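Here is the structure we will look at, set down as structure tokens.
The values are calculated or read from the model by the stated rules, or taken from the named source; none is laboratory data. On a predicted model such as this, the values are computed, not experimentally measured, just so you know. Here the Cβ positions follow ideal geometry from the backbone for every residue, glycine too, while neighbour counts run over all protein chains shown.
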Amino acid sequence: MERRSALKNIGGLLLAPSLTFGEAAKQVAPVLRIAHLTDVHLKNEFEAPAKFIKCLHHVQQQTPKVDLILNGGDIVFDMNKENISTINDQWKLFNNTMKSECSVPAKYCLGNHDIWWNENNKGQAVYGKQYTLDQLGLSKPYHSWTQNGWKFIVLDSVHLDIDDTWYIGKLGEEQFAWLENELKTTDSGTNVLILSHIPILTATLMVEDNVVNKWQMLGGEMHTDTSRIINLFYQHPNVKLCLSGHIHLRDKVLYNNVNYICNGAVSGAWWRGNNRQTAPGYGLIDLYADGSFKEDYINY
Ligand SMILES: [Zn+2]
């Protein structure tokens, strides 16, 4: 009642209340809208190029518009089982498609299929991660930046296993120390989003057929240093959201107030429809100044 009479009193000057409303609306508007595209697995087969272009156009038609694309890795179909000319073709196709079909800035994370682990080629430039870093214009496989009050930390999940023959999910000592320092030197009022290819924590691995009396998880499916990373995050409550891919299934796990989202796959079941019940799609995420977010998985 008091408010109503106050409005009456100012008569024609309704500009004042509407300004107040405008300020309130500004407070709840997201500071950043991102699209999380993971596991694109691009190659010139299975109509993948046309479907990927459809996805990129879908992202760019969103209202409000998407400010940033986070590519979660497994960018090309697979480098491991291919010869160098096929690998070059896959990357040429990817980079040309992004150039001609996407005007939204994109940041990249390396997936296991973006790395050439082939013992016979040790010593060649294409072995390991350098070839892919060159393709993406990156100097390091893990990196960070700050944008609109959020800090983005991209991790490099993929490392050789203890026997050096294949990969597992982990950070390794050097990267873990870097992550520790990144979080220590980030202002506690700055919200943190972590992007990794392999999930730090996911429930998707428990969706398994024919479980008799135990589940089997491999070190390549989820980070093997999960508890160590979680202990670190526990010291930094500004870590809000961890995005991953790799499993081609969609889930959301809340643990110690950190949301771990495994965001399906742009390629679904490697361009052959749904993977179990998860359709080909991408994550659309609105980030807010207070550290909260709204997100959805979009079947494009
Ligand atoms: Zn993967």
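Please go through region 43-52 and give me each residue that is touching a residue at least 60 places away in the same chain (Cβ under 8 Å) and either within 15 Å of the ligand (Cβ to nearest atom) or surrounded by fewer than 19 Cβ atoms within 10 Å (Cβ to Cβ) (or both), ordered by number.
Once the filter is applied, which keeps residues that are touching a residue at least 60 places away in the same chain (Cβ under 8 Å) and either within 15 Å of the ligand (Cβ to nearest atom) or surrounded by fewer than 19 Cβ atoms within 10 Å (Cβ to Cβ) (or both), region 43-52 yields 45, 46, 47, 51.
Tally up the residues in region 183-229 that are surrounded by fewer than 17 Cβ atoms within 10 Å (Cβ to Cβ), out of contact with any helix residue (DSSP H, G or I) (no Cβ under 8 Å at 6 or more places or on another chain) and of a type outside the set (Gly, Ala, Ser), please.
Number of matching residues: 15.
So residue 69 ticks every box in (1) of a type in the set (A, V, I, L, M); (2) within 19 Å of residue 48 (Cβ to Cβ); (3) assigned to a loop (DSSP other than H, G, I, E, B) but one. Which box is left unticked?
Of the numbered conditions (1) of a type in the set (A, V, I, L, M); (2) within 19 Å of residue 48 (Cβ to Cβ); (3) assigned to a loop (DSSP other than H, G, I, E, B), the odd one out for residue 69 is (3).
Looking only at region 131-169, filter to residues that are within 16 Å of the ligand (Cβ to nearest atom) and among the polar types (S, T, N, Q); which one of those is nearest to residue 106 (Cα to Cα)?
132
For the subset of region 70-106 comprising residues that are surrounded by 15 or more Cβ atoms within 10 Å (Cβ to Cβ), among the β-branched types (Val, Ile, Thr) and more than 18 Å from the chain's Cα centre (by Cα), which member is nearest to residue 34 (Cα to Cα)?
97
Identify all residues within region 93-122 that are small (Gly, Ala, Ser) and out of contact with any strand residue (DSSP E or B) (no Cβ under 6 Å at 6 or more places or on another chain); write none if there are none.
Matches in region 93-122: 100, 103, 111.
Among the listed residues 189, 220, identify the single one that is within 16 Å of the ligand (Cβ to nearest atom), among the small types (Gly, Ala, Ser), over 16 Å from the mean Cα position of the chain (by Cα) and part of a loop (DSSP other than H, G, I, E, B).
220
Collect the residues in region 53-79 that are within 16 Å of the ligand (Cβ to nearest atom) and either at pLDDT 95 or above or of a type in the set (A, V, I, L, M, F, W, C) (or both), keeping them in residue-number order.
Result: 70, 71, 72, 73, 74, 75, 76, 77, 79.
Examine region 202-212 for a residue that is touching a residue at least 24 places away in the same chain (Cβ under 8 Å), over 24 Å from residue 80 (Cα atoms) and in contact with a Phe, Trp or Tyr (Cβ under 7 Å, 6 or more places away or on another chain), and state whether such a residue exists.
Checking region 202-212: at least one residue is touching a residue at least 24 places away in the same chain (Cβ under 8 Å), over 24 Å from residue 80 (Cα atoms) and in contact with a Phe, Trp or Tyr (Cβ under 7 Å, 6 or more places away or on another chain).
Taking into account only those residues within region 246-276 that are in contact (Cβ under 8 Å) with a residue 24 or more places away in the chain and more than 17 Å from the chain's Cα centre (by Cα), which is farthest from residue 193 (Cα to Cα)?
272
Would you please name the residue that is farthest from the ligand (Cβ to nearest atom), looking only at residues in region 99-130 that are touching a residue at least 40 places away in the same chain (Cβ under 8 Å) and part of a helix (DSSP H, G or I)?
101
Is it the case that some residue within region 217-226 is farther than 20 Å from residue 111 by Cα and without any contact (Cβ under 8 Å) to a residue 40 or more places away in the chain?
no
Search region 28-42 for residues being surrounded by 14 or more Cβ atoms within 10 Å (Cβ to Cβ) and β-branched (Val, Ile, Thr), and hand back the single one that is farthest from the ligand (Cβ to nearest atom).
31
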